[in-house]
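The values are calculated or read from the model by the stated rules, or taken from the named source; none is laboratory data. As the structure is a prediction and not an experimental result, all values here were calculated from the model. Every residue, glycine as well, gets a Cβ built from its backbone with ideal geometry; the counts of neighbours run over all protein chains shown. These area figures cover heavy atoms from the full protein model, side chains too; ligands, DNA and RNA do not enter into them. Shrake-Rupley method; radii C 1.70, N 1.55, O 1.52, S 1.80 Å.
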Amino acid sequence: MHALRHLFASEAINEGVDVYTLADLLGHEDPAFTLRRYVHRVKGAVEMARKAIGKRYQVAA
């Protein structure tokens, strides 16, 4: 059961669910606990962030 809960949390983070919402869904009072417990480095996250930020600048220009 723990593995399923961990998978749910990890997938939610990877799909963009914010940590406050995820903490509520998991019944955690402190979102920092959720971050410490379930958030791990996502492969390619830096490049995804660069692309997302770049898109915003292109729209504004």
Residues of the stretch 1-15 classified as open to solvent by 60 Å² or more (accessible area, probe 1.4 Å) and within 13 Å of the chain's Cα centre (by Cα), total: 5
The stretch 39-61 - residue that is open to solvent by 90 Å² or more (accessible area, probe 1.4 Å) and not in a helix (DSSP H, G or I) and, of those, modelled with the highest pLDDT: Lys43
Residue check, Leu25 more than 12 Å from the chain's Cα centre (by Cα) and of a type in the set (A, V, I, L, M, F, W, C): yes
Contacts under 9 angstrom Cβ, first residue in the stretch 21-48 being of a type in the set (Asp, Glu), partner at pLDDT 85 or above, 6 or more apart: Asp24/Pro31; Glu29/Ala23; Asp30/Ala23
